[in-house]
1. Scan the stretch 380-390 residue by residue and report those that are modelled with pLDDT under 90 and either over 25 Å from Ala311 (Cβ atoms) or of a type in the set (Gly, Ala, Ser) (or both).
2. Being under 20 Å from Gln388 (Cα atoms) and part of a loop (DSSP other than H, G, I, E, B), is that true of even one residue in the stretch 316-338?
3. State which residue pairs qualify: first residue outside the structural domain of Asp93 (by TED's automatic domain parsing) and inside the stretch 318-346, second residue among the basic types (Lys, Arg) and open to solvent by less than 20 Å² (accessible area, probe 1.4 Å) in any location, beta carbons under 7 Å apart, and separation of 6 or more residues or different chains.
4. Say whether the condition of being modelled with pLDDT of 80 or more, surrounded by 15 or more Cβ atoms within 10 Å (Cβ to Cβ) and under 17 Å from Ile23 (Cβ atoms) is met by at least one residue in the stretch 123-144.
5. Out of Ile418, Ile447, Ile429, report the one residue that is modelled with pLDDT under 75, out of contact with any strand residue (DSSP E or B) (no Cβ under 8 Å at 6 or more places or on another chain), open to solvent by less than 70 Å² (accessible area, probe 1.4 Å) and over 25 Å from Asp467 (Cβ atoms).
6. Run Phe480 past the list (1) in the same structural domain as Gln392 (by TED's automatic domain parsing); (2) at positive phi and report the number of the one that doesn't hold.
7. Could you say whether any residue in the stretch 288-304 is modelled with pLDDT under 75, in a helix (DSSP H, G or I), open to solvent by 40 Å² or more (accessible area, probe 1.4 Å) and charged (D, E, K, R)?
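The values are calculated or read from the model by the stated rules, or taken from the named source; none is laboratory data. A quick note: this is a predicted structure, and the numbers were derived from the prediction, not measured. Cβ coordinates were reconstructed from backbone atoms using ideal geometry, including for glycine residues, and neighbour counts include every protein chain displayed. All accessible areas refer to the heavy atoms of the entire protein, side chains included, with ligands and DNA or RNA removed. Shrake-Rupley method; radii C 1.70, N 1.55, O 1.52, S 1.80 Å.
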Amino acid sequence: MNPSLSSATAAFHQEALQTLQQIEDWTLSSIQNPSASMDQQAETFRLLHSLKGTAASFGNESIAQICHAIENVLADKTQLNTQGSEALLMAIDYCRHILSNSPLSPEQHDDQRDECIARLNMLVKQDLNSANQTQLRELSGSVWQIDFAPHAQFFENGHDPLRIIRSLRNFGPIKVSVFTEKLPEFADFDPFQCYLRWQITLKAELDYYQLAAQFEWVKHICDVTIDILALPQKKRVIEPNRYKLNEANLEALLTVSQTIQSQLQQAVALTNQLNQTDKIRLSRRNQAMKRQQQFLQQQLLHIAMCPLADAFARLPRMAFDLASKTAKPVQLNMDLAPIELDSFIVNSLIDPLTHLLRNAMAHGIEAAEHRQQQGKPLTGQIHISAEQAEDQLIIRFSDDGAGLAEDKILAKAKQMGINIKDLSDKPNISEWIFRAGFSTSQSADAISGRGVGLDVVKQHVTDMGGDIELVSNQGRGCCFIIKIPVLRSLMDVQLIRINDQTLALPLIHLIDSYLWDNARVIWLNGKQWFITDENQQVPLIDISRFLQLPYIERNEQSAHIVLVNVDKRFFAFSVDSLADQMQLLIKSLRPHYHHINGIKGIAILPEGDLALLLEPSKLLMAYEMDGGN
């Protein structure tokens, strides 16, 4: 294969996947916030048009046709409904499978494409004209949606809507939803009139005429709409196995990098035995190899990290799918800190977060009718926040649903033989739901009732060295709080030198730095103070004494004073010199060492050396507790 063509194709695939993700994000956001999504529709159009042209230029006509069909939908609709969103998401998934080289035959690819285009085309004009109706009748399907709305006089002449619905079972399994919005008050109820309407989902391979014939003899006294949800003989596209980074292999590569560094240091030592000319030549080559080794080290460290948001990336789409399955409207709100963590933590969070979302939809968020009766908004709310506090990752997963059903939990506990000593002991009640096999559902369905879920969450969190607790308010919702120790993360730092020691200061705390100026350093009440540019007087702390570093006489001409902010409290300390600002891998001292006051962890420098990471909040606290001495 032509290398330039291969790299161009790879670039197209990467850009196409990013574009599809942007379109999916817009589709999901348009459901929760239609007014905001309208502002982004023009950008979505531009992305679609660009992807369509690029796909066609690379010979990928299937993706080009899908993009064209989506453009038609967005051009015809000012606002997406649930059916439209599902069709767009299905088309996006198909394009992803095409780009990921899914193991399907050309015939299966064509079938998938035709099904996506058929669903998209049906959205362009919901009120089918005669031409569209003729086209629909020529199609066969495997999944059908029938909206059946009898007129008020339907019962005349002995017509029975239930008999028609029962006849559909002869074709295949059906799912029936009944709607009662036209049902009057009891005083106005007329038993000879029909007030109900039905929506039926039928799974059966048949043509339009076979299905329409069931309503032929009552079509004059009812409204019937028949839509195809899936074409016949389609196989579900299997998600391809994605490459996952092996932690052991990564550690091995890091070891190799460190070994190269050690060998370079030995080679440098041997240069002293060479003549001056050879020494210069070898020194230049060693410097070049050292730069390459440092680059390799940094790249490997970045590979080991992942954005925290990656663990939550699937949840918006999953919330949409679960809301459709359960007929529970829900809005997912996420507030995630923009940090990178160890890929082990990020990958390990995916399963427990998935289980928590499924649990919230199955047991927490109530049906819309129930929420309305309780005076709650019809749309349920799920809030997820994640932040790093010191050396812990804290995740809060809450909903405004029903909370723990304590009576059901107690009944299930008795059934499982759990010894109930104190019925008022709520901490024990919340702990029971983390037991394997514990479920209050009466029967199993697509998302709950099998006793698998929260015990898996607890096990995953425990495996990461963390813990999980549950706070519940019956009738108002639940909040799961997960705390996980962070042993490795990326952080922007300012490197400083104090008494021949390299230290790292979190860049988020750094306000400013100044050259040493005796005129700005004063003694007052036995304490040293520094005067800032704003004429503000802040404490000047001697970090070297606090860390008990060996005393080395300082050259004040090269010394600096660093101004630091901790929760809007300011202090300063002096350093011998300022080094670079960079993003470094930070590792916790635990579990190998006990916590050292004022030290947050260790930073790994590009050359492989270590630097202590300062914790300004603890430094200031120790200074204040010591009376400023």
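1. Scanning the stretch 380-390 gives a single hit, Ala389.
2. yes
3. Close Cβ pairs satisfying both conditions: Asp342/Arg488.
4. Here is the first cut: in the stretch 123-144, the ones modelled with pLDDT of 80 or more are 143-144.
Now drop any that are not surrounded by 15 or more Cβ atoms within 10 Å (Cβ to Cβ), which leaves 143-144.
Okay, now just the ones that are also under 17 Å from Ile23 (Cβ atoms), so none.
Among the residues of the stretch 123-144, not one is modelled with pLDDT of 80 or more, surrounded by 15 or more Cβ atoms within 10 Å (Cβ to Cβ) and under 17 Å from Ile23 (Cβ atoms), which makes the answer no.
5. Matching residue, one of Ile418, Ile447, Ile429: Ile447.
6. Going through (1) in the same structural domain as Gln392 (by TED's automatic domain parsing); (2) at positive phi one by one, Phe480 breaks only (2).
7. The answer is yes, given that some residue of the stretch 288-304 is modelled with pLDDT under 75, in a helix (DSSP H, G or I), open to solvent by 40 Å² or more (accessible area, probe 1.4 Å) and charged (D, E, K, R).
Residue-wise test of (1) assigned to a loop (DSSP other than H, G, I, E, B); (2) in contact (Cβ under 8 Å) with a residue 60 or more places away in the chain; (3) open to solvent by less than 40 Å² (accessible area, probe 1.4 Å).
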site	(1), (2), (3)
Ile511	no, no, no
Ala519	no, no, no
Val538	no, no, yes
Gln548	yes, no, no
Leu585	no, yes, yes
Gly601	no, yes, yes
